[in-house]
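Worksheet: the structure to be examined is printed underneath.
The values are calculated or read from the model by the stated rules, or taken from the named source; none is laboratory data. For clarity, every value in this text was computed on a predicted model and none was experimentally measured. Backbone-built Cβ (ideal geometry, glycine too); neighbour counts: all protein chains shown.
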Amino acid sequence: MSTIVAISLIILLALLIQNKIRTSFLFFGLVLLYYFIDFISLEKMLSGFINSSLVTLLLLLILSIVFEKTSYLTILSEKIFSKSYNKSLLKLSLFTSFFSAFLNNTAVVASMISVIKKNTYHSPSKLLLPLSYAAIFGGTITLIGTSTNLLVNSFMIENGLEPLALFDFIYVGVPIAIVGAFSLLFISRFLPDIKTSFDIEEYFIEATVEEGSNLVGKSVTQNKLRKLEYLFLSEILREGKIISPVTPNEIIQQNDRLLFSGDIKQINLLKQFDKLKLENHTHNFKDELVEVIVSNESTLLGSTIKESNFRSKFNASVVALKRGDENLSGKISEIPLQVGDNLVLSIGKDFYKRDNIKKNFFLITQIGINDKLNSTQSALVVLGFVGVLLLSIFEIVPLVKGLFALVALCVVMSFLKVEEIKRRFPYELFLIIGSALGIASVMIQSGLANDLATLLGYLFGGYGVYGAFIAIYLLTFLLTEMITNNAAVALAFPIAYSTALSFDSSLTPFIMAVAYGASASFMIPFGYQTNLMVYSVGGYKIKTFIKSGAVVSLVYSTLVILLVPLVFQF
C-alpha cells in the first residue's frame, strides 16, 4: 500500500511542478482514487470538507468581500508615505503586516496597489515587491493570517490533536514581521527604480481603421497620430505584416491595425478619430474598463484570446495587454496569454456574475466590483469582526460560530449579497484543502509518512531532534517554492507528524516548521498570489525576485529555525 501511495504522490508532485493541470483537480482526483481503491473510507474523505478550520477559512474569505467595501484601509494607508524612502518602506511593511494578520492578504495587497501607484514620493517599483513580502510576514502572526496556518490546524484536528489558538503564532510571527521589515530596506537596492509614475500604465492597445474612416489615405503626421501626449503609435499591422518603426510619412490604409503603447486611462484620446475601433471592443469608449491579472490556475494559459473564445466565456473583451517590462508585438488576439499578464477588459453587464472570473483572474481595479460602505456601515463591520475575535480569544463563543453569525448579519443588513458569495466563493481552495486532509490521512495510515520520517531520521539523526526539525522546515520550504503553499503543507505535514513521533518529541515545533516553511515563498513570483499580483504591475523581472527573495528567505528562515524551538520546546 505504501508503495502505491508513494508512486501516486511522486506523480502528483511532478504534475504540480509542471502547472499544466489545475491544482484542485489533481488533489481531488487523487483522493477520489484512494477512495475507489479502498485506501480511505467515504466518511473519512468527506470529513475533510467539513473540518472546522476549513470552514473558518472559507468564512474569513467571504468576510473579506465586505472588508473590501470599507474605506478604512485606503484612508489609513494614504498616511504612510513621506519624502523619506526608508521611513515610508518601514511604515508600509508594518502597516501591511498588521492588517494581513487578520484579513485576507490578497485583499490587503489589492487595496494597497492602487494607493502605492498614486503616491507622489517614490517609484512604485521600489514599494510593490516589499508590499507582497510584508503581507506574507503578516500572515504568520495569527492562526487566521494565512490559509496555510488554518490548513495545519485542520490536520491537527483531523488527527485528534488539540487545535492551535488564535495567537499561538504571534511569538515567532511578530519578530518575523519586525525584522523582516528592516530586511526590506536592504533588498531595496535590488529593486528597479522606474521613474515613470505607475499611475500611467504602459499597456499594449490595438485599434482598427474601419471602412470609410477619414484617416485612410493620409499620413501619420496628417492624422496627428504623433501628437497624442499619452499614447504612442508603435506598430501598424497590414495584411499580416508588421510595420515598425512607424515613420511620420506612413500612409494609413483601410483595415490597418494600429498598435499603441501608453496610458490606458487616456484611451479616450482615440475617440477623436473617425471610425477607429478598439480591437475586441464591441461597444463604445464609455464602457466600464476593468484591470485584471491572469492567475496561475487560469484555463487561458498558453491560449490566445481568439482561441479561448474569450468574449463569450467571460462577457468581456480585451482592449489592452501588458506583460511586465516586455515590448509586445503583433495582434493582441494572437498573443498566447501567460500567468501574470495584465489585461484591461471592457465588461458586459453580467461579468461579475460569471462563476469563472475568480478562477481565471485577480481583479485589480475595484471599479464596479462593490458599492462602498458608508462610515457607519464600515464601523459596524470592523467592530463586529473585532467582537468575534475577542469572544473567541476569551473562549466565550467559538471563532467559527462567531464568523457564521457575522456573515449572516452582513447578508441581512445588505452589506453582502448572496450573489457575491456565490461569485467569490473559493471553490478551488475548498477542493484543495478538503482533499489534502484525506491524502494526508492516507499517507499516515499506509505507513509512508513513517517510512519518510525514518529516512529523515537516518539522514539527520546524527544531529538529533533539532536536525530533524530543520530538515522538516527545509523540505517544506523547498516544496512551497516548487508548488503551492497549501500543497506543500499537505505533503509535509504527515512527514512532520511521523518524525515527531519517531523522536518522541512534542509535535508543536515540527508543525510550526511546516506552517512557517509553507509561507516562505519569496523567490518565485508564481508560487504565491501576492507575489503574482505585483509581478507585472511592478515591471519586475524574475532575477529581481531571486535576488530579493534569497535575502528575505535567509532572514526569515534564520528567525524560524532559531525562534520556534525556543518558543515551542521539543
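Looking at (1) under 25 Å from the mean Cα position of the chain (by Cα); (2) outside any loop (DSSP other than H, G, I, E, B), which one does Leu383 not meet, given that it meets all the others?
With respect to (1) under 25 Å from the mean Cα position of the chain (by Cα); (2) outside any loop (DSSP other than H, G, I, E, B), Leu383 is out only on (1).
Does region 413-420 include one or more residues that are under 28 Å from Val66 (Cβ atoms), surrounded by fewer than 18 Cβ atoms within 10 Å (Cβ to Cβ), more than 28 Å from the chain's Cα centre (by Cα) and among the aliphatic types (A, V, I, L, M)?
Yes.
Looking at the structure I just gave you, is Gly538 in contact with a Leu (Cβ under 6 Å, 6 or more places away or on another chain), among the small types (Gly, Ala, Ser), more than 22 Å from Leu151 (Cα to Cα) and surrounded by 21 or more Cβ atoms within 10 Å (Cβ to Cβ)?
The answer is yes for Gly538.
Mind listing whichever residues of region 347-367 are buried (at least 17 other Cβ atoms within 10 Å of the Cβ), among the basic types (Lys, Arg) and part of a helix (DSSP H, G or I)?
Lys358
Show me the helices (runs of 4 or more DSSP H) entirely contained within region 1-103 in which 2 or more residues are over 18 Å from the mean Cα position of the chain (by Cα) and within 30 Å of Gly180 (Cα to Cα).
Counting at least 2 such residues, we get 52-67, 72-77, 85-100.
Can you find even one residue in region 338-346 that is part of a strand (DSSP E or B), under 30 Å from Tyr540 (Cα atoms) and of a type in the set (Gly, Ala, Ser)?
There is at least one residue in region 338-346 that is part of a strand (DSSP E or B), under 30 Å from Tyr540 (Cα atoms) and of a type in the set (Gly, Ala, Ser).
Quick one: which helices (runs of 4 or more DSSP H) lie wholly within region 414-523 and hold at least 3 residues that are modelled with pLDDT of 90 or more and out of contact with any Leu (no Cβ under 8 Å at 6 or more places or on another chain)?
The helices (runs of 4 or more DSSP H) meeting that bar are 464-482, 508-518.
Inside region 423-454, can you point out the residues that are under 11 Å from Ser2 (Cα atoms), crowded, with 22+ Cβ neighbours inside 10 Å and either out of contact with any helix residue (DSSP H, G or I) (no Cβ under 6 Å at 6 or more places or on another chain) or of a type in the set (Gly, Ala, Ser) (or both)?
Within region 423-454, Ala449 is the sole residue that qualifies.
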